[in-house]
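K.L.:
Below: one structure in structure tokens.
The values are calculated or read from the model by the stated rules, or taken from the named source; none is laboratory data. As the structure is a computational prediction, the values presented were derived from the model and not from experiment. Glycine gets a Cβ as well: all are built from the backbone with ideal geometry, and neighbour counts include every protein chain shown.
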Amino acid sequence: MKYFVEDVFDAPLKDVIEICLDRSRDTKVYPNVTKSEVKKRETRGSKMYVTVETLANGDIPPKLRKLVHPHMLTWTEEGIFDYDKNTYDYKVRTHFFSNLTSIKGHFDYSERDGKTVRKLEGEIKVNLPLLGQIVEAKVVEVQKANLRLDVKNILEELKTRKK
């Protein structure tokens with residue numbers, strides 16, 4: 001399932017990117033994230049490579065609770081931020097059911113009319129007969145809700161920077 005989200009911030013591009021790249025925010029911003037740890041961060045040339053391990057406590061739909069337990073909601077994100085293009089590409093490898101899932105995304109940051117535009121093109125695939133589409137829809141729903149929380153937090157952080 002592919003999805004698209006666009007957010008606009010009345011703030012400088014560099015400030016929005018700096019906030020978005022700060023992964024220490026994850027547990028503060030996303031209520032379903034219990035732990036988020038940057039395992040590796042390395043800059044080579046104009047690219048920053050990051051590995052982030054995340055543990056969630058997601059709201060599992062009743063129909064899936066027999067199959068998916070909260071401790072199964074752990075994943076590792078491998079991402080590359082390109083400072084020349086202002087893009088962040090990531091792939092997620094779940095710790096459980098990794099052979100059944102494919103999660104990836106592309107963030108693009110740009111300026112438009114003096115504002116910062118952040119676009120996300122995401123894709124989630126769960127290769128399970130019958131349940132795959134239900135899981136995909138739930139993950140996309142949670143991801144979009146998290147992005148709304150992220151926007152709220154980014155706006156709050158931007159306000160504190162202006163003071």
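K.L.:
Of these, Phe107, Phe96, which one is in contact with a strand residue (DSSP E or B) (Cβ under 8 Å, 6 or more places away or on another chain), among the aromatic types (Phe, Trp, Tyr) and modelled with pLDDT of 90 or more?
P.N.:
Going through Phe107, Phe96 in turn, the sole match is Phe107.
K.L.:
If I ask for residues that are under 15 Å from Ile154 (Cα atoms), modelled with pLDDT of 95 or more and not charged (D, E, K, R), which ones from the stretch 13-58 would you list?
P.N.:
Result: Leu13, Val16, Ile17, Ile19, Cys20, Leu21.
K.L.:
Find the residue count for the stretch 124-142, including only residues that are under 14 Å from the mean Cα position of the chain (by Cα) and either aromatic (Phe, Trp, Tyr) or at pLDDT 90 or above (or both).
P.N.:
3
K.L.:
Which residue pairs have Cβ atoms under 7 Å apart, sit 6 or more places apart or on different chains, and have a first residue in the stretch 69-98 that is of a type in the set (A, V, I, L, M, F, W, C) and a second that is in a loop (DSSP other than H, G, I, E, B) and modelled with pLDDT of 90 or more?
P.N.:
Phe81/Leu21
K.L.:
How many of the residues making up the stretch 123-163 are in a strand (DSSP E or B) and in contact with a Lys or Arg (Cβ under 7 Å, 6 or more places away or on another chain)?
P.N.:
Qualifying residue count for the region: 1.
K.L.:
Could you list, ordered by first residue, the pairs with Cβ atoms under 9 Å in which the first is in the stretch 109-127 and among the hydrophobic types (A, V, I, L, M, F, W, C) and the second is assigned to a loop (DSSP other than H, G, I, E, B), at least 6 apart or interchain?
P.N.:
Correct list of pairs: Ile124/Met1; Val126/Met1; Val126/Phe97; Val126/Leu100.
K.L.:
Now for a different question. On the given criteria, is Glu121 modelled with pLDDT of 90 or more and more than 19 Å from the chain's Cα centre (by Cα)?
P.N.:
No, not satisfied.
K.L.:
Within the stretch 13-26, how many residues are buried (at least 16 other Cβ atoms within 10 Å of the Cβ) and free of Cβ contacts under 8 Å to residues at least 40 places away in the same chain?
P.N.:
Total meeting the criteria: 2.
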